[in-house]
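S.K.: Quick one: this structure, given as structure tokens, is what I'll be asking you about.
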Amino acid sequence: MRKVITGTSFDIPKTELSGEYGKINSYSKDNSFSISQSFSIPSVYSNQRKLAKANVKSSEFNRIAVMSDITTSIKRIYNQMVYLNEKLRLLRYQDTLYTRFTSMAEIRVSSQK
């Protein structure tokens, strides 16, 4: 988007057209027309172009930084998911062991009575 805006850095003001009708310079009715357009010195336009290019570079660096942050977040979340899935697997295994131990202990207690 910023690259498109770079082309607008060269902005010349619009031409102005004005006219007058009436008693301007004499007692009879006069017509007066004028056309004008203002220009800045060339360094203004070159500096505007440099600023536009700098804004493009800045937005590109910002995009790269955001992409890097997103990539880092995705990797962190993926690693956390892998860790939690492994922890869940170990806890289920531990639960199975305790359930078996409890059932064996109940069988042992009931056989001693």
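Each value in this text was obtained by applying a stated rule to the coordinates, not by laboratory testing. It should be emphasised that the depicted structure is a prediction, and the values quoted were computed from it without experimental measurement. Here Cβ is always computed from backbone atoms with ideal geometry, including for glycine, and neighbour counts include all displayed protein chains.
S.K.: Could you run the Karplus curve 6.51 cos²θ - 1.76 cosθ + 1.60 with θ = phi - 60° over the stretch 85-99 and give me ³J(HN,Hα) per residue in whole Hz, x for Gly and Pro?
M.R.: Here the 3J(HN,Hα) series is 5, 5, 5, 4, 4, 5, 5, 5, 4, 5, 4, 4, 4, 5, 5 Hz.
S.K.: Then there's this: Determine Rg/Rh for the stretch 57-113; Rg is computed over alpha-carbon atoms and Rh is the Kirkwood hydrodynamic estimate from the same atoms.
M.R.: Using Cα coordinates only, the ratio equals 1.60.
S.K.: Give, rounded to the nearest 20 debye, the magnitude of the charge dipole that the chain has about its Cα centre when Lys and Arg contribute +1 at Cβ and Asp and Glu contribute -1 at Cβ.
M.R.: Dipole magnitude for the chain comes out near 700 debye.
S.K.: Using alpha carbon coordinates only, what is the Rg to Rh ratio of the chain, with Rh defined as the Kirkwood radius?
M.R.: 1.74
S.K.: A further question on this structure: Determine which lysines satisfy two conditions relative to Lys50: a Cα distance under 26 Å, and not lying fewer than 8 residues away in the same chain.
M.R.: Lys3, Lys14
S.K.: Taking the Cα centre of the chain as the origin and placing charges on Cβ (Lys, Arg +1; Asp, Glu -1), which of Thr15, Ser110, Gln48 is farthest toward the positive end of the dipole?
M.R.: My answer, from the dipole projection, is Ser110.
S.K.: Continuing with this model, one more query. Per residue of the stretch 41-53, in order, report the coupling 6.51 cos²θ - 1.76 cosθ + 1.60 (Karplus, θ = phi - 60°) as ³J(HN,Hα) in whole Hz, putting x for Gly and Pro.
M.R.: 5, x, 5, 4, 5, 5, 5, 5, 5, 4, 4, 4, 5
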